[in-house]
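The values are calculated or read from the model by the stated rules, or taken from the named source; none is laboratory data. Source: prediction; values computed, not measured. Cβ: placed from backbone, ideal geometry, glycine included. Neighbour counts: every protein chain shown.
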């Protein structure tokens with residue numbers, strides 16, 4: 001799930017991992033908007049992210065650890081109908097990994113959080129090529145079982161979600177600066193709300209819940225630690241410090257709660273506009 005801050009909407013996938021890939025926009029009131037459906041050479045789409053008026057689709061899943069590279073796609077048009085997309089290929093420096101989380105920084109750098117043995121955070125180099133496979137850089141260890149991630153409004157913090165907790169890390173030092181447990185598990189997706197003031201989390205196939213951004217660290221295992229090959233040049237743009245007055249709590253949201261339910265109904269009804277993709281390698 002990704003918050004489209006330009007148009008005031010959310011983007012959601014239908015969760016399929018082969019053949020068809022569906023992306024749907026949903027308003028803050030739960031109403032369906034643009035519907036995109038394309039047949040593309042993807043392996044396992046796991047994540048969405050938003051940056052600079054572009055949607056990024058992370059084809060990053062690899063449960064068998066057999067892929068020699070992962071890819072990120074970005075549709076060149078979000079208006080529906082026929083279209084093509086930009087694409088980037090990436091490889092890990094230490095062999096294949098399974099990942100479900102991706103976040104794009106204010107500089108446009110892409111971050112991937114792997115899961116399984118030795119989970120870690122990897123980032124792209126600046127200005128990755130669209131004609132070859134780009135080598136990723138490992139920047140930090142990660143919590144176990146991260147299912148989604150997003151940069152926060154200040155650009156210096158990343159929020160990561162697991163099955164039962166939210167972790168907030170400083171993207172300068174990779175120290176954990178906020179962590180909180182939550183009890184309504186069952187979902188995997190997370191993004192900021194449209195004001196970037198809180199987090200939106202799926203808690204089931206049909207429910208979305210709002211959580212305040214953790215500003216204190218609770219006792220949660222497996223927090224990120226800095227990696228030796230992380231350098232100052234790899235830092236995302238810094239802005240303000242986290243608001244220490246924020247407390248961690250969670251409340252249901254009436255309008256946004258309809259998002260996932262609306263998408264499920266739309267997929268069942270088969271009402272998506274055809275977008276037969278052509279990969280554009282520049």
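Values computed for the structure shown
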quantity	calculated
Scan of segment 90-107 for residues that are in contact with a strand residue (DSSP E or B) (Cβ under 6 Å, 6 or more places away or on another chain) and within 27 Å of residue 5 (Cβ to Cβ), ordered by number	90, 99, 100, 101, 102, 103, 104, 105
Count - residues of segment 46-70 that are more than 16 Å from residue 123 (Cβ to Cβ) and surrounded by fewer than 21 Cβ atoms within 10 Å (Cβ to Cβ)	11
Residue in segment 219-238 that is modelled with pLDDT of 65 or more and out of contact with any helix residue (DSSP H, G or I) (no Cβ under 6 Å at 6 or more places or on another chain) present	yes
Residues located in segment 53-92, provided they are in a loop (DSSP other than H, G, I, E, B) and over 19 Å from residue 116 (Cβ atoms)	53, 76, 77, 78, 79, 80, 81, 82, 83, 84
Candidates 33, 58 - the one that is more than 19 Å from residue 190 (Cα to Cα) and out of contact with any helix residue (DSSP H, G or I) (no Cβ under 9 Å at 6 or more places or on another chain)	33
Residue 180 being within 12 Å of residue 103 (Cα to Cα), touching a strand residue (DSSP E or B) at 6+ places or on another chain (Cβ under 8 Å) and part of a strand (DSSP E or B)	no
Only listed residue being out of contact with any helix residue (DSSP H, G or I) (no Cβ under 9 Å at 6 or more places or on another chain) and either within 25 Å of residue 183 (Cα to Cα) or assigned to a loop (DSSP other than H, G, I, E, B) (or both), chosen from 127, 134	127
